[in-house]
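Worksheet: the structure to be examined is printed underneath.
The values are calculated or read from the model by the stated rules, or taken from the named source; none is laboratory data. Note that this is a predicted model, so its numbers are computed, not measured. Cβ placement follows ideal geometry from the backbone for every residue including glycine, while neighbour counts extend to all protein chains displayed. Heavy atoms of the whole protein, side chains included, go into the accessibility calculation; ligands, DNA and RNA do not. Shrake-Rupley method; radii C 1.70, N 1.55, O 1.52, S 1.80 Å.
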Amino acid sequence: MITLSNISIGFNGEILFKEISFVVGDRDRIGLVGKNGAGKSTLLKIIHGLLEPESGTMIITSGHKTGYLPQEMVANFETTVWEEAMNAFTEQMGLLKKIDHTTRELSERSDYESESYIKLTQQLADANERFHLIGGHTMEAETEKVLLGLGFPAQDFDRPLKEYSSGWQMRVALAKILLQKPEILLLDEPTNHLDIESIQWLEEYLANYDGALLLVSHDRTFLDRVTNRTVEITLGTIQDYKCSYSEYVQQRMERIEIQSAAYENQQKEIAQIERFIERFRYKATKAKQAQSRVKMLEKMELIEVDELDQSSISFQFPPAPHSGKVTVETEDLNLGYGDLQVLKQVNFHLKRGEKVAFVGKNGEGKSTMVKAIVGELEPQQGEIRLGHQVVIGYYAQNQALLLDPKKTVFETIDHVAVGDVRTKIRTILGRFLFTPEDSEKRVGVLSGGEKSRLALAKLLLSPFNLLILDEPTNHLDMQSKDVLKNALLQYEGSMILVSHDRDFLDGLIDRIVEFKNHQIHNFIGDLHEFLEKKKLDNLKELEIAQKNKTREAKTPGANKIEYEKRKEREAARRKVQNRLNRLEKEIEELHTRLAEIEAHLEDPITYAQQIADGSLYKQYEEIKTLVEEKEFEWLELHEEELD
C-alpha cells in the first residue's frame, strides 16, 4: 500500500532522519514512537503529501486516499456540528443532488420513449447504484454513531461549531476523517482532546477499521489496544518491530542485550587477532599466518549496538510545606458561566496528602471545578474553603499556550524566579533538556512537548502543598511522562489530577471523583476497577434503554438477578479490602516511625536537645494524629465490610 525508500529530511541544517525505508501493508496498525522532535509528525506529513522529502521516494497504491489528523489545527467553522461532520460525504451529497435533480426533471417530462428520456433514466439508475455502493443510504446513521462515540450528545448536533473549544472542534475533524473512510489513516495524538470514554470508543472503532493506520501517541494503553506493529524513530534511523508497544519495549531491550554481548565477544576476538598480528607479523615463520589474520580483520563485518537515546527530563518537586488536615472543602457549591450551570450542590473534601483523580466526559465540569479551587472562577452559590497554610501549585490544561511566545526560554523562567533560584536557572533548564543554545530560543518556535516541559519547569520555582495538574501529559513523550509520574509518586503533598491517560493514572491516586450530570461521585479503588464498573454500569443503562424502547423485555429469572447482585457485592468488597490493605501498610509504616522517634528520645543527649528545640516532639505528635486518622478510617471501612 505504501512504500518508503531511503527517505531523508532535515531542518535548519540538522538531519531529522536519513535514508529510512519501510513498507505499510493494507491492514497494518502501526504505532510511530520516539522522543519529541524525533520526526514522527514530519513522517505523517510526508505520507499525506504536506511535506516533500529532500531525497528518497514514496509510492502509494493508485486510488488509495490518506486521511490526516494533525496534532493541532486552526479552525474557523461557520457550520453546525452535524453539517461539518456530514461534509465528509462529498461524493454521496453530490450524487444525492444529482438524483434529486434528475428525478424532478423526469417528473416534468412525458416523452417516455424518446432517446433523451431513456438516457436520463439510465443516469438516474447509475447514480442510485453508485450512491448505495458507497454507503449513501447509511451516512446519517454512521454520522450519528461517530459523533455520539466521540462524546457529542444528540441534542448538540445542531449547535454552531464556533461555540466549541478547539479541543471539541478537533473531535469534529476526527469524526470527518473516520466517516470518509480513507484507505490510510494518519492520526497524530488523537487522544489529546478525548476523555476516557471516548478513547475507549475510538479503540473499538479502530480495531474494526478496514484500512491501514499510522498512529502517533504517547498513551501506552491506547497503543497496546490499537496497534500490532511499532516503528521507532530514534537518532535519525528507524527500528521496525512486528508487535504492540509493550512487546516492543521488551523486545527492544532483549535485542540490545544480545547485540551488546555479541559486540563484546567480537571486540575480544579482534583484540586477540590484533595481538597475534603485532607479535608475529615480522617473523618469517609466522608472517603468512599474520597476513591471513590481517585479511580476516578487513573482511570482518563489525557488530553495531543500537544506540539508545537515554536523554530525559530529571526533576523532583520541592518538599511540601506543612498544612492543616483538610486541604480543600466545598459546601453546596454551584459553578457555571452566566446562565450555563455546570455543577450543582457539590460537596467535595480533600485531606492532607490525599491524591485524587478527576475523571468524566469533557464538558462535565472537571476543569471548571479546578478553576474555582485556584480562584479563577467565582462560585454562583456555596463556598470553597482552603485549609490552613495551603499553597497551590497549578498546571492549567492550556498552560503551554499561556507562555509568552515573544520571550526566550531563559526569560520565561527568569521572570518568575526570585532569590537564589535565579542563579540556578540554567541548571533547572538543563534538567528539562534545554541546552544553553535552547535557552535563547523564543517560546513561539518551540514544539508542543518543549512548551509543556518549560511550563513544568516553572512549577519547581516555589514549594507548595496542593498540586493541581490539568492534563499535564499532553505532548509529553513516554520517558518524560515516566519521570513526571515518578516525581508525583514521591510528592508528599495533596494532589488533584485531571487526566485521561490510564497508564499515567494507574498506581498514582487514592480516590477517583467522577463528574457526571452536574454532580460528582466518589469511587474508592484503582482506575482499572473504576473502568470495569463503568462498563458494567453502561451495559445496565443500555439494557434499561432497550427495555424501555421495546417494552417487551422479559423479567429475568431469580438466579440471574441473584448472580448480578452477588457480582456487585463482590466488586464492592474487593474495593474496600484493597483500601484496607493500603491503610494497614500505611499504619504499620507510621508505627515504625513512631518507634524510631521513641528510641531517639530515650537517648539523654537527644532528650536534652528536645527540651530546648521540641521539633522531634512536634513531629511525634503529628504522626500520632495521622495514625489516629488512618486507624479511624480503617475501623469505618472494616465495619462497612462486615455489614
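Some observations on this one:
- Boolean, Arg252 is surrounded by 17 or more Cβ atoms within 10 Å (Cβ to Cβ), touching a residue at least 12 places away in the same chain (Cβ under 8 Å) and not polar (S, T, N, Q): yes
- Candidate set from region 126-142 (those that are part of a helix (DSSP H, G or I) and open to solvent by less than 50 Å² (accessible area, probe 1.4 Å)); member that is nearest to Met86 (Cα to Cα): Met139
- In region 272-286, the qualifying residues are those that are modelled with pLDDT of 75 or more and aliphatic (A, V, I, L, M), and the one that is surrounded by the most Cβ atoms within 10 Å (Cβ to Cβ) is Ile277.
- Some residue of region 279-290 being under 20 Å from Leu43 (Cα atoms) and either part of a loop (DSSP other than H, G, I, E, B) or free of Cβ contacts under 8 Å to residues at least 60 places away in the same chain (or both): no
- Listed conditions (1) without any contact (Cβ under 8 Å) to a residue 60 or more places away in the chain; (2) surrounded by 18 or more Cβ atoms within 10 Å (Cβ to Cβ); (3) touching a Cys at 6+ places or on another chain (Cβ under 7 Å) are all met by Thr230, apart from (1).
- Residues in region 472-485 that are in a loop (DSSP other than H, G, I, E, B) and either within 15 Å of Val374 (Cβ to Cβ) or among the β-branched types (Val, Ile, Thr) (or both): Pro472, Thr473.
- The residues in region 432-454 that are hydrophobic (A, V, I, L, M, F, W, C) and at pLDDT below 85 can be counted, and the count is 4.
- Selection within region 116-146 - under 49 Å from the mean Cα position of the chain (by Cα) and either on the phi > 0 side of the Ramachandran plot or charged (D, E, K, R) (or both): Asp126, Glu129, Arg130, Gly135, Glu140, Glu142, Glu144, Lys145
- Test: residue in region 424-431 that is touching a helix residue (DSSP H, G or I) at 6+ places or on another chain (Cβ under 9 Å) and within 30 Å of His349 (Cβ to Cβ): no
- Residues located in region 174-196, provided they are under 20 Å from Val231 (Cβ atoms), in contact with a strand residue (DSSP E or B) (Cβ under 8 Å, 6 or more places away or on another chain) and among the β-branched types (Val, Ile, Thr): Ile184
- Matching residues in region 439-458 - criterion: being farther than 16 Å from His475 by Cβ, assigned to a helix (DSSP H, G or I) and open to solvent by 30 Å² or more (accessible area, probe 1.4 Å): Glu440
- Within region 1-54, the residues that satisfy the criterion of being closer than 25 Å to Ser452 by Cα, buried (at least 16 other Cβ atoms within 10 Å of the Cβ) and touching an Asp or Glu at 6+ places or on another chain (Cβ under 7 Å) are Val33, Gly34, Lys35, Asn36, Ser41, Leu44.
- Residue within region 405-426 that is in contact (Cβ under 8 Å) with a residue 24 or more places away in the chain and under 24 Å from the mean Cα position of the chain (by Cα) present: no
- Conditions (1) assigned to a helix (DSSP H, G or I); (2) under 30 Å from Lys451 (Cα atoms); number of the one not met by Ala85: (2)
- Being part of a strand (DSSP E or B) and in contact with a Lys or Arg (Cβ under 8 Å, 6 or more places away or on another chain) is not true of Ser21.
- Qualifying position, being at pLDDT below 90 and either open to solvent by 90 Å² or more (accessible area, probe 1.4 Å) or farther than 15 Å from Trp168 by Cβ (or both), among Glu91, Glu83, Glu78: Glu78
- In this structure, Pro436 does not satisfy being within 18 Å of the chain's Cα centre (by Cα) and not in a helix (DSSP H, G or I).
- Filtered residues of region 219-271 (kept if closer than 19 Å to Asp28 by Cα, acidic (Asp, Glu) and assigned to a helix (DSSP H, G or I)): Asp224, Glu247
- Cβ pairs under 8 Å, 6+ apart, first in region 167-182 and outside any loop (DSSP other than H, G, I, E, B), second polar (S, T, N, Q): Gly167/Asn192; Gly167/Asn362; Trp168/Asn362; Met170/Asn192; Arg171/Ser198; Ala175/Thr143; Lys176/Asn87; Leu179/Thr143
- Looking only at residues of region 149-166 that are of a type in the set (D, E, K, R) and outside any helix (DSSP H, G or I), we find that the one that is surrounded by the fewest Cβ atoms within 10 Å (Cβ to Cβ) is Asp158.
- Among the conditions (1) exposed (fewer than 13 other Cβ atoms within 10 Å of the Cβ); (2) within 30 Å of Glu84 (Cβ to Cβ), Glu108 misses just one, which is (2).
- Residues of region 364-387 satisfying the condition of being open to solvent by 70 Å² or more (accessible area, probe 1.4 Å) and touching a strand residue (DSSP E or B) at 6+ places or on another chain (Cβ under 8 Å): Gln380, Gln381, Glu383, Arg385, Leu386
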